Every structure is written in C-alpha cells, then in structure tokens.
C-alpha cells in the first residue's frame, strides 16, 4: 500500500484531516458511519492509478477535530466540508464523488446544492429513511436509540440501533459500528477498531440523529439524475439502509447498481468493490425501463 500525502484543512468550526494518492482527475471518497479516511485503504491505491484519490475523516471523527467538541451536526455543514475539499484539490474542474452510508447522504446534498462542482456522484446505501413510506416508524426508532443512549449508555443504544438496521440476523462482515475485538485483529486493523470504538459516542449521539432525519430534495436530484448513480449491497437487500437507495432510484428512473457485500462492502470486499466503482464512474447512468425488482421490497 502506497503511503498517501496527508494534510489538514480549516473549515468552519473544525479542522479536517485528509489524504491524497495518485494523479489525474479528482475522485473524492466520503466515508460513513464511524469510518474515516482509512476505511478506503483496501482499494484507494487501485483507484489512484487513474485518479487523484482524496478522502478524509469527517468532522468530529478520528483526526478531524471540532473547535467545540459539543457542537451539533448537520448534513449541510458536512456537505460544505466536502465542497471545501473539492475547492482545495480541484479548483477548476468538477470532481467525481463517492459516498458510503452517511457519507452518501453528504454526497447527495453536495450534488443538490453545488452541481457545478460535481461531475458524478455514486451514493452507496444512504440511510435517508425519511423518504420511506413508513418514515414515522423510523422517527420512533431514532427516538428510541437516542433515549436508550441517554438513559442506558452507548452499548445498549448500539444494540437497539444495530437491530433496527437489519431485517434479519447479522450478515457477513457485520455493520460498520460493530468492530471485532482488537485482540483478534492484526495490529493495523486493531488500531482501526480502537478508533471506531472511540468514534461511537459521537456517531450515535450526533451523526445518527442528524443524518437519518435528513430528507433529500428528490425534485432537485431528479433534475440532476444524469450525474447520479444510486447503489446498494448485494447482501443487504431489504435492510433499512438499502431501502432508501432502491426507492430513490425507482423515483428517478435509475437502475440501482449492486455492489459486492452488504452495507460495508467497501471494507469486506475491497478489490471487487473498487473495480465496480471505477466502472461506475466511466459508464453512463442506466435508466430503469421497469421498476427494479428490489424496489417492491422498499415498502
């Protein structure tokens, strides 16, 4: 693995840690969940053969520090951080952007508000559950997670959250917020698991409520759908984070692109995930002639 060039970027209320590899047009990778720049280490080098690949720790995560550690979070603020990264690293040309999970929500808002800076967005399982027909149930679910966090603490809240994300039992690779015990991992992976655990209180307390209560502007995205690829995991069909991607793809008349693995397929299947991502940025978005088969499972 090639060591990336690292830097820091001052933005409103925070300092972002970012990493850059390769040469060519800019490809910005936005991590989700408790992940940071390191969550793309499995395929960033491969993509750097064709692109200048940049990724970063979202504000408040890992090495990206908040001026006020208690500050509330918003999708708009996180999308503005991504915009500042584009302005720094690709000031004259629009960039390609990939977002995973909450990072996919950031990418959707970036596209909707600053389309002139974006050539194409690939959004993998944005958990924008407010677009779903049973959104009221999910508001209650989010409130239950927050109440459990407040009254019982982190791990009981994570148990409620994890169960709500699945339609059935855990799938291969688990969820990004369910790290393996560090003792079972090699040193580099153990360090990442430790950082994941350190990020969990911030994720549960501020990222989950801000991002999962966000409702994307579907009319705006429809007008920009020629620049948008919506994606889900082959192994997460029907799960909560998959359903908004499938529903929005159907609404916009786009074919949902299926990546290897589940919600964290970029970590569990890095090589094939990265190769399909490269293809997604080369190809034209595919229009759906009939509603995708999976879309019937969205309701």
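Protection proxy ranking, highest mean first, for peptides 229-240, 7-18: 229-240, 7-18, where packing is the per-residue count of other beta-carbon atoms within 10 Å, averaged. Sorting 111-119, 215-223, 243-251, 82-90 by average packing, meaning the other beta carbons within 10 Å per residue, from highest down gives 243-251, 82-90, 111-119, 215-223.
Under the classification rounded if a/c is under 1.5, otherwise prolate if a/b is larger than b/c and oblate if not, where does the range 184-276 fall, given a ≥ b ≥ c as square roots of the Cα gyration tensor eigenvalues?
Oblate shape, in that a/c is at least 1.5 and b/c is the bigger or equal ratio.
Extension gain, residue 2 to residue 130, is 42.1 nm, computed as 0.36 nm per intervening residue step minus the present C-alpha separation. Site pair residue 12 and residue 284 shows an inter-label distance of 3.8 nm when each label is modelled 7 Å from Cα along Cα→Cβ.
Among the listed values (i) 1.04; (ii) 1.17; (iii) 0.92, the one computed from these coordinates for Cα Rg over 2.2 N^0.38 Å is (iii). Of 201, 133, 270, the residue with the greatest mean-square motion in the GNM of the chain, using alpha carbon springs below 10 Å, is 133. Per residue of the chain, the DSSP helices (runs of n ≥ 4 H) give a summed -39500 (n - 2.57) that works out to -12000 deg cm²/dmol at 222 nm. Distance between the 7 Å Cα→Cβ label points at residue 23 and residue 119: 1.7 nm. Rounded, prolate or oblate, given the Cα gyration tensor of the range 1-78, with a/c below 1.5 counting as rounded? Prolate, since a/c reaches 1.5 and a/b exceeds b/c.
With the highest mean first, a sort of the peptides 137-150, 93-106, 57-70 on other beta-carbon atoms found within 10 angstrom per residue produces 93-106, 57-70, 137-150. Distance from the alpha carbon centroid of the range 254-276 to that of the range 39-93 works out to 20 angstrom.
Readers should treat all values here as calculations from the given coordinates under stated rules, not as data from a laboratory. Note that the structure is predicted; figures quoted are calculated from it, not measured. Ideal geometry is used to build each Cβ from the backbone, glycine not excepted, and the neighbour counts take in all protein chains shown.
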